[in-house]
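The values are calculated or read from the model by the stated rules, or taken from the named source; none is laboratory data. Note that the coordinates shown come from a computational prediction; the quantities given were computed from them, not determined experimentally. Cβ placement follows ideal geometry from the backbone for every residue including glycine, while neighbour counts extend to all protein chains displayed. Areas reflect the complete protein model, heavy atoms only, side chains present, ligands, DNA and RNA absent. Shrake-Rupley method; radii C 1.70, N 1.55, O 1.52, S 1.80 Å.
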Amino acid sequence: IDITSKGEAADGPNDPVTLEARYAQPSIASYDFVSNAGVWIGNTDTVNGPYHSNSGVRMDGTTNAPITSSVATWTCTPSYGCSNQTEPGVFGSGNNSNLWQFPTPTIDFNGIAANFSSLESIAQSDGIYLPRYSTGNSHSTAYHKGYQLIFNGNGTVTIEKVTPPKLSNVYLRDSNTYGSDYALVSNASSYGTLPIPSTCGLIFVADNTWIEGVVPSQVTVVVANPSDPTVSPNVYLDGNITYASPNGSDGLTVIASHDVLITPNSPYNMTLSGVFVAQSGAFGRNYYGYAGSSYEPRGTLTMYGTTVSALQSATTYVDGSGNPIGGYANTIDDPDRSLATNPPPFTPTTSSNFQFVSWRQIE
């Protein structure tokens, strides 16, 4: 709700002032990062926006913003570089410990969950809808097919059908085990180039989805299959994602029913702009050190926006001495303030209560 109010002083009626304010449910885009699991912010990571975990945080990096945890203490396990010891809600060797806060209120992941059936219906009638392309069970290559969305700065999206190859000996982010990965794009065939509807920037894909390109407007991509609860498609980020306009008018929200993963052949230095929600899975990058030498390591990952991960997130892998051996050696997390007050349609909110999210004097 946008509110404009004009007033003038009783003793100075010739000098009016107009204020403009936005009254809204707070968006998840006001955060830099939100996790339902523990978090390890490494010593090469920089955080420039509010960072929250419903579990604990090991903070070894650099921050200029609040780092919050919903627990007073937690058990820091080997996956966070610890030996199963009990630690405070936020601990580590990072800077600005005065910005560490715990315990703080929990962010309800059930509350921010998307209504996939409703969004599917809206996309079918007013947006872009892509039905399931893959078939079979999870042990077959056909099960891991999907679509690639390449956004174009001219208001269109190019869509291709994808059949990915199988990579073995991959450390899987969502299960912390070694297994098979189907994140590479291969055997792509043209589906078409479609205009993004100006009145409904919603794209619903009922299958695995690869995303890259230049986003030309406010767009939300939802990847889920509500008609079959046994199918939980993933989102794969295989190229840079930027905006066509630098003035804050463009935005991207990606909501996956399971994982949001960066592909093995991602750019050496990568930029991702948008809100990325792994509703039941993990945001991150699998470890490909045993799958192919060309995939590891990577340089710097720069995130402009928000990351939401139900499971433990990781884009960097280190050895016993803390030296990066896989994923992105450096990460920079910057929130997008324009998305916090003007997010793409259907971006999850953190509360049903309305509040003032911005105001300014316009004359």
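Figure legend: label point modelled 7 angstrom from the Cα of LYS6 along Cα→Cβ; residues of the stretch 342-363 with amide N under 20 Å from it are 359-363. Listed values for the stretch 330-340 are Karplus-derived 3J(HN,Hα) couplings in whole Hz (6.51 cos²θ - 1.76 cosθ + 1.60, θ = phi - 60°), namely 10, 10, 10, 10, 10, x, 9, 5, 5, 6, 4, and x replaces Gly and Pro. Remark on the chain: CYS200 stand apart, with no other cysteine beta carbon under 4.7 Å. Eigen-decomposition of the gyration tensor built on the alpha-carbon atoms of the stretch 255-363 gives equivalent ellipsoid semi-axes of 32, 16, 12 angstrom, largest listed first. Give the relative contact order (percent, whole number) for the stretch 259-314; include only Cα pairs under 8 Å separated by 6+ residues. Reported relative contact order: 47 percent.
Counting only aspartates and glutamates at least 8 places from LYS166 when in the same chain, those with an alpha carbon closer than 20 Å to its own are ASP174, ASP181, ASP207, ASP238, ASP259, GLU296. Nonpolar atom fraction for the chain, defined as the carbon and sulfur part of the 1.4 Å probe accessible area, stands at 48 percent. Proximity of backbone amide H atoms, modeled 1.01 Å from N, is registered between VAL71 and THR104 at under 5 Å, excluding neighbours fewer than 5 places apart on the same chain. Rounded to two decimals, the Cα radius of gyration of the chain over 2.2 N^0.38 Å is 1.03. With the highest mean first, a sort of the peptides 321-334, 30-43 on other beta-carbon atoms found within 10 angstrom per residue produces 30-43, 321-334.
Secondary-structure-derived ellipticity at 222 nm for the chain, considering helices only, amounts to -1000 deg cm²/dmol, per-run term -39500 (n - 2.57) for DSSP H runs with n ≥ 4.
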